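Encoded as structure tokens, the structure appears first; notes follow it.
The values are calculated or read from the model by the stated rules, or taken from the named source; none is laboratory data. Keep in mind the model is a prediction, meaning the values are calculated, not measured. Cβ placement follows ideal geometry from the backbone for every residue including glycine, while neighbour counts extend to all protein chains displayed. All accessible areas refer to the heavy atoms of the entire protein, side chains included, with ligands and DNA or RNA removed. Shrake-Rupley method; radii C 1.70, N 1.55, O 1.52, S 1.80 Å.
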Amino acid sequence: MSLIKHNETGWLPSVFDDMFKTDWLGGTTNVNSIGTSIPAVNIRETEESFSVEVAAPGKSKDDFNIELDKNVLTISSEDNKESETAVEKGKFTRKEFSYSTFKRAFSLPDSVDNGKISASYNNGVLEIALPKKEEAKVQAKRLIDIS
């Protein structure tokens, strides 16, 4: 994250551009992109795992794409809606459509066990479980004998 970055027009530097476009795990958002909606994301860490919760009401699990490539987890969705009303002699009296998309990317820490990542969608929330590797979990305190 750089401290000085020029805005889209290249005129004024903005110290805050990167701050608002970078997620907690080092991911990026598509802030300032036209036609996109950015769902709220909660990231929680426990001793056993990380959990990413994405608020996406009104969607189904088939609306999401979740990809893992070189320790980068990408969550995306596209939504095309069309509704038609009365058609009179081949002309539309009204036709409405919308298109929305989002894409979030998160750089995963090395402590995540990539082979055990899972996802579920319930009550408008997409939850991605990121279990930690055994060696990354907090180990119980123990005494070590000196030989």
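The table for this structure:
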{"quantity": "Residues satisfying the stated conditions in segment 117-147, i.e. over 19 Å from V54 (Cβ atoms) and in contact with a strand residue (DSSP E or B) (Cβ under 6 Å, 6 or more places away or on another chain)", "calculated": "K132"}
{"quantity": "Residues being outside any loop (DSSP other than H, G, I, E, B) and open to solvent by 100 Å² or more (accessible area, probe 1.4 Å) - total across segment 46-67", "calculated": "3"}
{"quantity": "Qualifying residues in segment 92-116 (those that are assigned to a loop (DSSP other than H, G, I, E, B), out of contact with any strand residue (DSSP E or B) (no Cβ under 6 Å at 6 or more places or on another chain) and more than 30 Å from D79 (Cβ to Cβ)) - the one least open to solvent (accessible area, probe 1.4 Å)", "calculated": "P109"}
{"quantity": "When residues of segment 68-91 are limited to those that are modelled with pLDDT of 80 or more and loosely packed, with under 11 Cβ neighbours inside 10 Å, the one nearest to P39 (Cα to Cα)", "calculated": "D69"}
{"quantity": "Residue in segment 129-138 that is surrounded by fewer than 16 Cβ atoms within 10 Å (Cβ to Cβ), modelled with pLDDT of 90 or more, part of a strand (DSSP E or B) and not β-branched (V, I, T) present", "calculated": "yes"}
